[in-house]
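Participant: Here's a structure for you.
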Amino acid sequence: MSMRRNALLTPKRREQIPALIFQVAIILLLVWIGWKMVLNAQSNLERLGISAGFGFLTSDAGFDISQKLIDFQEGSSYLQAMIAAYLNTIVLALSGILLCSVLGLIVAFTRFSKNPVLSLVAELYVETFRNIPLLLQIFFWYFGVIASLPSVRNSHILGSVVLNNRGLFLPAFQFTFFGVLVSAGLLICVVAAIIILYRKKTTYGRVDRKTWIWVLIVLSASLAILLFGGPLGKWELPVLSGFTYRGGLTIRPEFVAMLAGLSVYNSTFMSEIFRSGIISISKGQHEAAETVGLSGIKSNLLIVLPQALRVAIPPAGGQLQIVIKASSLSAAIAYPDIMSVIGGTIITQTSQAIECMFIIMGLFLATNLTLTWLLNTYNGFIMRRGGR
Amino acid sequence: MPESKTNTFIEAMTPPVREGGPLGRFLKRSFSSIPNGLVTLLLLGGAGYLLIHLVSWGIVSAQWTGTTAKSCSNPDGACWSFIIARWKPILAGQYPVQELWRIFLFFGILTILIIWIAIRRIPGKSWALVSLWTVFPIISYYLLIGGSFGLSHVPTNNWGGLLVTVVTAVFTMISTLPFGLLLALGRMSNMPVIRLLCIGFVEIVRGIPLLAFLFSAATIFPLVLPEGVNIDLFARTMIAFMLFNGSMTSEVFRGGLQSIRREQYDAALTVGLGWFSTMAFIILPQAIKTIVPALVNCMIIIIKETSVLLVIGLFDFIATIHFGTESPDWIGGHHILLTGYIFTAAVYMITCSVLSKYSRRFEGQIK
């Protein structure tokens, strides 16, 4: 008996016993806390008269969302409201990511300008907007700038474009079903043309000018047919009705303020990331590009940038995740994203706080993980093409 | 000895001479070509215009005295009287006037500690650091909330303004460092359960926006507590801030711990040190030195994060300015709101840039 026990408890294993006990204790403690919390939540919900579960998703929402990409009316369900809000989050996050990357890139290259005044301006831009909290910047755009635009009665009107403190009203093209089919076909053609041209370019060197002219003619002709040919659809213009403009495409002030804040604030961080990427490229690359006769812009775009991106993409991915997360600040100015619709309106109406917060967190986690996956794929693509 | 083909040496070239003074070089670089010169002129013109506008707005046509919006009738000038007349709510919200000395004392102690830690020449750094984590929180708790030692009780609902922002920022910094360190150590632990728990926590929290985290603290947290137990919103928010930022700082700590080479652990094991002594006397002192700049960056992020307090309904610095313009005395002027925003932005900007300058200098010293 004692022999067997000694065989089981070698000195190495005996050392691990306290660690094992500690881990089991931690698990037990967490399970106990979790169980207590579930019990408390159950009794609290019962006392407040709230039934737990996701059943409320199908019941009528009874409120309207000011900006919607899908058909959503007052009779629609909470689930539809959540989908509409999620689409708003995606639109805001994607445009923020795009704009802040472009701005960041421009500022990064500007800081390397040989003109000392220009690089100083870029540096001041970064130092200023990086150190002011994002929420304050959003407030500044929303309550400071946009609120000072003229009211609906005194709108700035340029053709069919209307600007006032309710938003920017643009004419929109309403497709018929036939129009959707034709434009989808056209889109496929354009993509095919780009792929063919790209192939041709890589096989035979340059694409000659004649090909480009043909492509341009075909593209503009099809665009003209698309926009002015009757059966495809028609233009819808914003018209003053009641207290505001209706019809056409409305870009709402909340969206503009959020986008301006998100992209300006995050562009400073993106520019620093790009700058560290550019610094990591040795000066010899620039000089070599100059030697083979590339102009300043060309050597930046064709030689420096592709190499700088390899360094910059991992930290840039982290920053873009921050952009997605920061889009939740729209709850402060009631841009209808998931944070303000689910976390604000729906929780207030239904009191299903636990379910709603889990949905919000799940959506943000899923979106961020998707972005990470996309960037990793892109990173792998760049690394392979570099062929180290 | 083979005869060399030529006896003449090529003269070494003289190094290029720097032409002109600093101003001359500046002009040469700024006006190297016509487009470049135009850009320079345009930028200088813009900067001059902005500067003139700023001086005329902020000083010449600005209003410094007065107690209502009527005193700031000029919409083209700053309304500093709004900030000056409302200094009390901006500083401390609804904190009772006769108790304001407690706030001044708190800010005084905080300033002394910061100066003590930040300036190199002052000795006794370890005392300052130790008191920051032990005596300082206790003193501030009794000083600000009161309720004992003859101080009257001031509930956190009455707090506001800069006080809320500073207290949140400072106590998030103080609490998040040990928590982040624990998470980082747990993540590198040999115990699989601890490691998985820490990894799970850090990765999930990093994928969630701070605002969602704070909303949960405001809505879910009361639901899972036993009936009758109630933690006030301010305390809940502080806990949420600590948990959220802990996952951020833990990544910084992990970076520092990973930068320490394997040999250091082995050497500590060889001289017979246990896990705790190895960490406390060998690894951490080396790791922390390298990550101070990154930690200061975390502090800057925390300071800017505190602006979110307004969204979950706490009356912070920005809120006192923003809602101050909606108070009956100050209603009606768009320029008053803008003055408030610019004042707030300047406060945040100066604080954050001083911190980042400091961290950059520290970085230079390490290298």
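The values are calculated or read from the model by the stated rules, or taken from the named source; none is laboratory data. Remember, it's a predicted structure, so these values are computed and weren't measured experimentally. Positions of Cβ are generated from backbone atoms using ideal geometry, with glycine treated the same way; all protein chains shown enter the neighbour counts. For the accessible areas, the whole protein counts, side chains as well, though only heavy atoms, and no ligand, DNA or RNA atoms are used. Shrake-Rupley method; radii C 1.70, N 1.55, O 1.52, S 1.80 Å.
Participant: When every alpha-carbon pair in the range B:136-180 is counted, what percent end up more than 16 Å apart?
Facilitator: Of all Cα-Cα pairs in the range B:136-180, 44 percent lie more than 16 Å apart.
Participant: Still on this structure: P(r) for the range B:165-269, please, calculated from all Cα pair distances in 5 Å bins and given in %.
Facilitator: Distribution as computed: 2, 12, 17, 19, 18, 14, 8, 4, 3, 2, 0 percent.
Participant: In whole Hz, with x marking every Gly and Pro, tabulate ³J(HN,Hα) for the range B:48-55 from phi via Karplus 6.51 cos²θ - 1.76 cosθ + 1.60, θ = phi - 60°.
Facilitator: Ordered by residue, 3J(HN,Hα) equals x, 4, 4, 5, 4, 4, 5, 5 Hz.
Participant: Regarding the range B:1-110, what is the average projected area of its C-alpha convex hull, in nm²?
Facilitator: 19.5
Participant: Moving on. Convex hull volume of the Cα atoms in the protein assembly as shown, per residue, in Å³?
Facilitator: Enclosed volume per residue, from the Cα hull, is 334 Å³.
Participant: Okay, next question. Run the Debye formula on the Cα coordinates of chain A, all scatterers equal and no solvent, and tell me log10 I(q)/I(0) at q = 0.06, 0.12 1/Å.
Facilitator: Ignoring solvent entirely, the Cα scatterers give -0.40, -1.25.
Participant: Roughly how many whole Å is it from the C-alpha centroid of the range A:131-161 to that of the range B:117-178?
Facilitator: A separation of 40 Å, based on Cα centres.
Participant: Considering only DSSP beta bridges whose two residues both sit in the protein assembly as shown, what percent are antiparallel, to the nearest 5?
Facilitator: 90
Participant: For chain B, what does the helix formula give at 222 nm: sum of -39500 (n - 2.57) over DSSP H segments with n ≥ 4, over the residue count, nearest 500 deg cm²/dmol?
Facilitator: -21000 deg cm²/dmol, from helical runs alone.
Participant: How long, wide and thick is the range A:1-150, going by the Cα atoms along their three principal axes, in whole angstroms, largest first?
Facilitator: Largest first, the range A:1-150 extends 89, 58, 25 Å along its Cα principal axes.
Participant: Taking the Cβ of B:Ile145 as the centre, find all other residues whose Cβ is under 14 Å away and add up their charges (Lys, Arg: +1; Asp, Glu: -1).
Facilitator: After counting each charged neighbour, the total is -1.
Participant: Report, by chain and number, residues whose modeled amide H sits under 5 Å from the one on A:Leu249, excluding near sequence neighbours (fewer than 5 apart, same chain).
Facilitator: Hits under the 5 Å cutoff: A:Leu170, A:Ala172.
Participant: Name the residues whose placed amide hydrogens come within less than 5 Å of the amide hydrogen of B:Asp316, ignoring near sequence neighbours (fewer than 5 apart) on the same chain.
Facilitator: B:Gly161, B:Leu310
Participant: For chain A, what is the calculated [θ] at 222 nm in deg cm²/dmol (nearest 500), taking -39500 (n - 2.57) for each run of four or more DSSP H residues and dividing by its residue count?
Facilitator: That calculation yields -21500 deg cm²/dmol at 222 nm.
Participant: At 10 °C and a viscosity of 1.306 mPa s, what translational diffusion coefficient does Stokes-Einstein give for the range A:295-367, taking Rh as the Kirkwood radius over Cα pairs? Give it in µm²/s as a whole number.
Facilitator: Calculated translational D: 107 µm²/s.
Participant: Same structure, new question: Given the protein chains as shown and a 1.4 Å probe, how many square angstrom of B:Lys28 are accessible, to the nearest 10?
Facilitator: Looks like 140 Å² after rounding.
Participant: Right, something else. Relative to the Cα centre, what is the charge dipole magnitude of the protein assembly as shown, using +1 at the beta carbon of each Lys and Arg, -1 at the beta carbon of each Asp and Glu, and rounding to the nearest 20 debye?
Facilitator: In debye, rounded to 20, the protein assembly as shown gives about 2440.
Participant: Give me the inter-chain shielding for B:299-307: mean count of other chain Cβ atoms within 10 Å, whole number please.
Facilitator: Counting Cβ atoms of other protein chains within 10 Å of each residue's Cβ and averaging gives 3.
Participant: Roll a 1.4 Å probe over the protein heavy atoms and report the accessible area of A:Asp60 in Å², nearest 10.
Facilitator: Rounded to the nearest 10, that gives 100 Å².
Participant: Show me the three semi-axes of the equivalent ellipsoid for the range B:64-208, from the C-alpha gyration tensor (sqrt of 5 times each eigenvalue), largest first, rounded to whole Å.
Facilitator: They are 38, 22, 17 Å, listed largest first.
Participant: Residue-wise, which Karplus ³J(HN,Hα) couplings in Hz belong to the range A:296-312, taking 6.51 cos²θ - 1.76 cosθ + 1.60, θ = phi - 60°, and x for glycine or proline?
Facilitator: Per-residue couplings from phi come out as x, 5, 5, 5, 5, 6, 8, 9, 6, 4, x, 6, 5, 4, 4, 6, 7 Hz.
Participant: Continuing with this model, one more query. Can you return the aspartates and glutamates within cross-link range of B:Lys70? Criterion is Cα-Cα under 17 Å, with same-chain partners fewer than 8 residues away left out.
Facilitator: B:Glu326, B:Asp329
Participant: If you take the accessible area of A alone, add that of B alone, and subtract the area of the pair, what total do you get in Å², probe 1.4 Å, to the nearest 100?
Facilitator: 4400
Participant: Within the range B:213-283, list the trypsin sites (Lys or Arg not before Pro) lying in a DSSP loop whose Cβ has at most 10 other Cβ atoms in a 10 Å radius.
Facilitator: Answer in residue order: B:Arg261.
Participant: What's the average, rounded to a whole number, of partner chain beta-carbon atoms within 10 Å of each residue's beta-carbon in B:312-325?
Facilitator: Per residue, the average neighbour count from other chains is 1.
Participant: Further, regarding this structure: Treat every Asp and Glu Cβ in the range B:190-317 as -1 and every Lys and Arg Cβ as +1, leave all other atoms uncharged, and give the resulting dipole magnitude about the Cα centre to the nearest 20 debye.
Facilitator: Computed charge dipole of the range B:190-317: roughly 340 debye.
Participant: How large is the convex hull of the Cα atoms of the range B:276-367 per residue, expressed in Å³ as a whole number?
Facilitator: 110
Participant: As an exercise, find the ratio Rg/Rh for the range A:72-196 from alpha-carbon atoms, using the Kirkwood inverse-distance average for Rh.
Facilitator: Ratio of gyration radius to Kirkwood radius for the range A:72-196: 1.07.
Participant: Which cross-chain or sequence-distant (5 or more) residues have an amide H under 5 Å from the amide H of A:Ser77, H modelled 1.01 Å from N in plane?
Facilitator: For A:Ser77, the qualifying residues are A:Ala61.
Participant: Could you give each residue of the range B:304-317 its phi-based ³J(HN,Hα) in whole Hz, using Karplus coefficients 6.51, -1.76, 1.60 with θ = phi - 60°, and x for Gly or Pro?
Facilitator: Result, ordered by residue: 6, 4, 4, 4, 5, 3, 4, 5, 8, x, 9, 8, 8, 4 Hz.
Participant: To continue, here is another question. Using only atoms on other chains, find how many Cβ atoms lie within 10 Å of each Cβ of peptide B:341-352 and report the average.
Facilitator: 4
Participant: Sticking with this structure for a sec: Accessible surface of B:Cys198 in the full protein assembly, 1.4 angstrom probe, to the nearest 10 Å²?
Facilitator: 20
Participant: For chain B, compute Rg over Rh where Rg is the Cα radius of gyration and Rh is the Kirkwood radius from the inverse mean 1/r over Cα pairs.
Facilitator: 1.11
Participant: In percent, what relative contact order does chain A have, based on Cα pairs under 8 Å that are 6 or more apart in sequence?
Facilitator: Reported relative contact order: 21 percent.
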